[in-house]
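One structure is given below, encoded as structure tokens.
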Amino acid sequence: MLNSDASAPAANALLAVEHVSKHFPTPEGVVTAVEDFSFSVKAGEFVSIIGPSGCGKSTLFNIIGGLLGGYEGRVSVDGATVSGTHPSIGMVFQEESTFPWRTVLDNVAFPLEIAGMDKAGRQERAAHFVALVGLQGFERRLPAELSGGMRQRVAIARTLASQPRILLMDEPFAALDEQTRLLLGDKVLQIQQELKQTTLLITHNLTEAVQLSDRVLVMTYRPGRLKRIVDIDLPHPRDSEVVSSEAFGHRVAEIWHDLREEASRGIAADEARVLRGGHRP
Amino acid sequence: MSAAAPLPVAALGIARLRLAIVLVVLAAWEALSASGLLFRDVIPSLLKIGAALGKLLASADFYGNLGVTAGEISVALLIGGTAGLAVGIALGANRFLSQAFESLLLYLGPTPKIIFFPVMIMWFGVGPGSKVAMGVLSCFFPVAISAAAGMRQIDRVLIRVGRSFRATTWQMVTKIYLHAMREPIINGVRLGLGVAIVGTLLAETKLSNRGLGYLVIQAYALFDMPKMYALVIVLFVLSIGVNVAIGRLGRGVGTK
């Protein structure tokens, strides 16, 4: 169930991250955000990376998505090294990211428009993905008319519409309340099963990580290293009911045991920084 | 503008006050004109101005010159606005360019452009060319400054979304930047249009052979005060109308 050896990518890996490190210069010296991080994701797998705030999760997200360069190590899709943004990897951001001037349908059609698809084709495909996230009937609405959870579904549909081989999400439910988060998790899981969508989720939410994932990677507090990999052998198909099961509780407890140390270190480091009068990098 | 709906009584009061001010000014004007205290026609009677206005609006000459001025301002806005937008986006997108050139823009912006008029006459002649050049010089700066500021206000995540879908620079500009910056751009264009009108008309009154500014200064030279006042009234009304129209446009697209 526990597997700490992850330095070599599995032979059948779709996404492989090998020995990735990233350093940032700050006024207080060089900070290592991510250090020697290696893991791989198989096709169709749902993997979560969990870690305390400030552990370098978002740095890793930006590196894998190709928005951040200047790192050591290698990111590859199907064995081919990836540098910069890549059509195989579709990103969903933590922040509110729908285009406020576009309707739901036009938001979802955005990547198709960028790729130069004709209007009829992209409208048809966008409508399909709008329906997939359960927003049929809202195609002509503007984001401002929707709730936060609905807008985040639009963002997910938009990324799915580009049909990436790997769906990469950075805390996509962070701004939502707990109930919406659980239900949206159900939706994401259902879509993931339906599309057999390989998914990598970055999160700090334990429940979310265990609810959705096949495997959870626990990250250490700065520098962000891979602490442990936990297999979530809960049965599929799953829904949010799973959170009340005993097995779920065990997995959460197991991960929390690891995460707790790291989160405590994070809090201690923050306190020390405030006492020194320094700034959060 | 206030959040709560104003009381109808207050609205009525405001309308009455405005009307009263206008009437008082008109009455004072008429009284001054009738008093004979001033040299003849410096303050012509309202009737004379009205008659001159009627004659002006009925003359083909007026519309020809109006067309010249409107054309000059439109071309100036098109050239200066496009150039300002391009420069503003480049400065807003690139920190290096911004540090190199933006202070220059901020210092040059408020300088009176009329000092370049002799140069423009040398380069573009006495005709509409030099007037367009003055209009371009005037409206470039507010549009560029607004666009640069607008670029920096764009929600960063929208730019990251565009990049993650591998949008080209042109796609980023047309599909993200211009939409996300609509309000600052419209504000910049409004300011730009205002100063383009000023720049063009000022140039026309200095040295020209066509346009409304030319008509005004010609009326002044011939001491045809009623016609001059009529022209001034027309110019005011037109400028206000254009500003209101752009404001409406801004609000119309802003809500969409």
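Let's see how each residue does on (1) small (Gly, Ala, Ser); (2) without any contact (Cβ under 8 Å) to a residue 12 or more places away in the chain; (3) in a helix (DSSP H, G or I); (4) more than 14 Å from every other protein chain (Cβ to nearest Cβ):
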{"residue": "B:MET172", "(1), (2), (3), (4)": "no, no, yes, no"}
{"residue": "B:LYS227", "(1), (2), (3), (4)": "no, no, yes, yes"}
{"residue": "B:ILE240", "(1), (2), (3), (4)": "no, yes, yes, yes"}
{"residue": "B:ALA245", "(1), (2), (3), (4)": "yes, yes, yes, yes"}
Got at least one residue in the stretch A:73-84 being on the phi > 0 side of the Ramachandran plot, modelled with pLDDT under 90, part of a loop (DSSP other than H, G, I, E, B) and more than 14 Å from chain B (Cβ to nearest Cβ)?
yes
Can you give me the number of residues within the stretch A:96-140 that are under 26 Å from the mean Cα position of the chain (by Cα), among the aliphatic types (A, V, I, L, M) and within 14 Å of another protein chain (Cβ to nearest Cβ)?
6
So A:ASP186, is it surrounded by fewer than 20 Cβ atoms within 10 Å (Cβ to Cβ), touching a Phe, Trp or Tyr at 6+ places or on another chain (Cβ under 7 Å) and away from every other protein chain (no Cβ under 14 Å):
no
Taking the stretch A:159-178 and keeping only residues that are in contact (Cβ under 8 Å) with a residue 12 or more places away in the chain, on the phi < 0 side of the Ramachandran plot and outside any strand (DSSP E or B), one is left with A:THR159, A:LEU160, A:ALA161, A:SER162, A:PRO164, A:ARG165, A:PRO172, A:PHE173, A:ALA174, A:ALA175, A:LEU176
Looking at the stretch B:107-149, which of its residues are in a helix (DSSP H, G or I), among the small types (Gly, Ala, Ser) and over 26 Å from B:LEU97 (Cβ atoms)?
B:GLY129, B:SER130
Looking at B:ILE89, B:ILE49 in this structure, which one is surrounded by 13 or more Cβ atoms within 10 Å (Cβ to Cβ), closer than 26 Å to B:LEU201 by Cβ and touching a residue at least 24 places away in the same chain (Cβ under 8 Å)?
B:ILE49
Check B:MET181 against each of (1) within 8 Å of chain A (Cβ to nearest Cβ); (2) within 30 Å of B:VAL242 (Cα to Cα); (3) touching a residue at least 24 places away in the same chain (Cβ under 8 Å) and name the one condition it does not meet.
(1)
With the first residue restricted to the stretch A:114-134 and required to be within 27 Å of B:THR169 (Cα to Cα) and touching a residue at least 40 places away in the same chain (Cβ under 8 Å), and the second required to be of a type in the set (Ser, Thr, Tyr) and surrounded by 19 or more Cβ atoms within 10 Å (Cβ to Cβ), Cβ contacts under 9 Å at 6 or more apart or on different chains are A:ALA115/A:SER162
Hey, can you tell me all the residues within the stretch A:153-166 that are in contact with a strand residue (DSSP E or B) (Cβ under 6 Å, 6 or more places away or on another chain) and within 12 Å of chain B (Cβ to nearest Cβ)?
A:ALA155, A:THR159, A:SER162, A:PRO164
Looking only at the stretch A:193-206, filter to residues that are touching a helix residue (DSSP H, G or I) at 6+ places or on another chain (Cβ under 9 Å) and either within 23 Å of A:GLU113 (Cα to Cα) or at pLDDT 90 or above (or both); which one of those is surrounded by the fewest Cβ atoms within 10 Å (Cβ to Cβ)?
A:LEU195
Where a residue in the stretch B:102-124 is under 18 Å from B:GLY92 (Cβ atoms) and in contact (Cβ under 8 Å) with a residue 40 or more places away in the chain and its partner, wherever it lies, is of a type outside the set (Val, Ile, Thr) and surrounded by 12 or more Cβ atoms within 10 Å (Cβ to Cβ), with Cβ under 6 Å and at least six apart
B:GLU102/B:LEU91; B:LEU105/B:ALA144
Filtering the stretch A:187-208 for residues that are in a loop (DSSP other than H, G, I, E, B) and touching a strand residue (DSSP E or B) at 6+ places or on another chain (Cβ under 7 Å) leaves a count of 2
Considering residues that are within 14 Å of chain B (Cβ to nearest Cβ) and part of a loop (DSSP other than H, G, I, E, B), the number found within the stretch A:59-72 is 4
Test A:LEU189 against the stated conditions and say whether it is modelled with pLDDT of 85 or more, out of contact with any Lys or Arg (no Cβ under 8 Å at 6 or more places or on another chain) and not β-branched (Val, Ile, Thr).
no
So B:SER35 clears everything in (1) farther than 30 Å from B:ARG190 by Cα; (2) under 25 Å from the mean Cα position of the chain (by Cα) except one condition, right? Which one?
(2)
For residues in the stretch B:137-162 being surrounded by fewer than 17 Cβ atoms within 10 Å (Cβ to Cβ) and free of Cβ contacts under 8 Å to residues at least 12 places away in the same chain, which is nearest to the other protein chains (Cβ to nearest Cβ)?
B:VAL157
Which one of the conditions (1) without any contact (Cβ under 8 Å) to a residue 40 or more places away in the chain; (2) closer than 18 Å to A:PHE129 by Cβ; (3) polar (S, T, N, Q) does A:GLN211 fail to meet, given that it meets all the rest?
(2)
Go through the stretch B:113-136 residue by residue and tally those that are under 16 Å from B:GLY80 (Cβ atoms) and of a type outside the set (Gly, Ala, Ser).
12
Quick check on this structure: which one of B:VAL132, B:VAL119 is farther than 25 Å from B:MET181 by Cβ, among the hydrophobic types (A, V, I, L, M, F, W, C) and surrounded by fewer than 17 Cβ atoms within 10 Å (Cβ to Cβ)?
B:VAL119
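Condition check ((1) closer than 15 Å to A:LEU217 by Cα; (2) without any contact (Cβ under 8 Å) to a residue 24 or more places away in the chain; (3) in contact with a Pro (Cβ under 9 Å, 6 or more places away or on another chain)) across all residues:
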position: A:GLY56; (1), (2), (3): yes, no, yes
position: A:GLY66; (1), (2), (3): no, yes, no
position: A:GLY73; (1), (2), (3): no, no, no
position: A:VAL77; (1), (2), (3): no, no, no
position: A:VAL82; (1), (2), (3): no, yes, no
position: A:SER88; (1), (2), (3): no, no, yes
position: A:THR103; (1), (2), (3): no, no, yes
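The values are calculated or read from the model by the stated rules, or taken from the named source; none is laboratory data. Here the structure is a predicted model, which is why all the values come from computation and not from measurement. Reconstructed Cβ throughout: ideal geometry from the backbone, glycine too, with neighbour counts over all protein chains shown.
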